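Just below is one structure, and these are the notes that go with it.
The values are calculated or read from the model by the stated rules, or taken from the named source; none is laboratory data. Model, not experiment: these values are computed from the prediction. Quick reminder, even Gly has a Cβ in these numbers, built from the backbone with ideal geometry, and neighbours come from all protein chains shown. The protein model used for the area step is the full one, side chains on, heavy atoms only, and it has no ligands, DNA or RNA in it. Shrake-Rupley method; radii C 1.70, N 1.55, O 1.52, S 1.80 Å.
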Amino acid sequence: MTRQLTSRFVAGRTLGEGIGVLQKLAAERILATLDHLGENVSSLEDAAASRDSYLSALAQIQAAQLPATVSLKLTQFGLDVSPEACEANVLALAERASAIDSRVEIDMESSDYTDRTLAIVNRIQDRFPGYVRAVIQAYLYRSETDIKMLSARGIPVRLCKGAYREPPSVAFERKPDVDANYVKLMKLLLAEGNYPAIASHDENIVREAERHIREQKIGAERFEFQMLYGIRRDLQRELVSQGFRLRLYVPYGDAWYPYFMRRLAERPANLIFLAKNLVRS
Ligand SMILES: Cc1cc2nc3c(=O)[nH]c(=O)nc-3n(C[C@H](O)[C@H](O)[C@H](O)COP(=O)(O)OP(=O)(O)OC[C@H]3O[C@@H](n4cnc5c(N)ncnc54)[C@H](O)[C@@H]3O)c2cc1C
């Protein structure tokens, strides 16, 4: 029953299922970033197991010659247990990613983790320049400063709105304020960033990006759009057919619960979808 419920947002339970989805996407000229679901591990053994699962994912990506990166959360790599071990785990992955010309994308978690996450991203960039991507959340007041720092260091950024519940002391609360900040930061990244990723399903934002890109004559090879697997497939197809680069964030694995709950919370209509499926099953 859970498989049926989650399959709209989650590619499957196993790496094989995740790779299968990546192969289908590649055939449609869609890039991907593979996420082995999991966060907040509480032992070094679990953190090492996360690292190993990602090393296996990179091996499969290489074997199948897929245009894919990997996305991970630092709490899944042991940040709460030992920041040093966490960093060593990510470094091992970045080394592998650089060897096969892939990339490690470090998701951004709640604001408790922002400073620690950016510090590790910076150190990975020192060792493997260009093979790590940071994520910046437009709802945080601090994001413009962070983007300027990351852009000055040549670190690619994924810009998203932000998916965690944050207090008004650190984040905009009203959607119009978050959206306005998103557009402002998107333009900053398109002007000064290194191969930024515009990660949103918001049609207004996508249209504003298209308008700005046309107006500023920004080549389609200088940035990419990113969306989540299973969301706004119509918009995804449209962007690809217009010749834009699109990368889908493809999650797989057993630890689907927090990811699935964040997707449900983002859109009230998803609760109706869930209720209908529950009744059907
Ligand atoms: C590739 C990618 C990576 C991300 N990585 C992170 C990260 O590292 N850290 C983080 O905090 N957040 C991350 N997010 C989530 C992001 O912060 C937002 O919570 C999420 O993308 C919804 O914002 P939106 O820009 O799509 O705009 P919204 O204004 O929320 O949505 C715009 C429209 O998109 C559609 N839509 C949006 N969400 C859903 C949904 N769940 N189900 C169905 N339709 C939906 C609806 O049509 C909606 O009207 C990521 C998002 C993407 C696309």
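Remarks
- Cα extents of segment 23-119 along the three principal axes, largest first (Å): 39, 24, 20
- Of the solvent-accessible surface of the chain, computed with a 1.4 Å probe over protein heavy atoms with every protein chain present, carbon and sulfur atoms account for 52 percent.
- The residues of the chain expose on average 45 square angstrom of accessible surface per residue, using a 1.4 Å probe on protein heavy atoms.
- Computed Kirkwood radius, in angstrom, where 1/r is averaged over Cα pairs of segment 141-281: 16.7 Å
- Note on segment 61-168: dipole from Cβ charges, positive end direction compared against Tyr141, Leu91, Pro168; the farthest Cα belongs to Tyr141.
- Volume of the convex hull of segment 1-70 (Cα atoms only), normalised per residue: 96 Å³.
- Three-way shape label, the chain, alpha-carbon gyration tensor, a/c 1.5: rounded
- Longest DSSP-loop-exposure-free segment, GluC sites (Glu not before Pro), the chain, at most 14 other Cβ within 10 Å: 29-172
- Segment 113-153-segment 191-268 distance, computed between alpha-carbon centres (Å): 19 Å
- Pairwise Cα distances in segment 214-281 exceed 21 Å for 44 percent of all pairs.
- Charge dipole magnitude, Cβ of K and R +1, D and E -1 - segment 66-116, Cα centre, debye nearest 20: 200 debye
- Euclidean distance between Cα centres, segment 71-91 to segment 31-50, Å: 9 Å
- Here each label is just a point 7 Å from Cα along the line to Cβ, and for Asn122 and Arg233 those points are 4.3 nm apart.
- In percent, rounded to a whole number, the relative contact order of the chain is 23, using alpha-carbon pairs under 8 Å and six or more apart.
- Scanning the chain for trypsin sites (Lys or Arg not before Pro) that sit in a DSSP loop and have at most 10 other Cβ atoms within 10 Å, the longest stretch containing none of them is 1-164.
- Under the criterion of Cα pairs below 8 Å and six or more residues apart, the relative contact order for segment 125-206 equals 35 percent.
- Shape analysis of segment 91-222 based on the Cα gyration tensor places the equivalent ellipsoid semi-axes at 24, 20, 11 Å, largest first.
- Point-charge dipole on Cβ atoms (K/R +1, D/E -1) for the chain, about Cα centre, debye to 20: 920 debye
- Within straight-line reach of Lys148, meaning a Cα separation under 18 Å, sit the following lysines at least 8 residues removed in sequence or on another chain: Lys161, Lys184, Lys187.
- Considering only alpha-carbon pairs that sit under 8 angstrom and 6 or more positions apart, the relative contact order computed for segment 132-256 is 21 percent.
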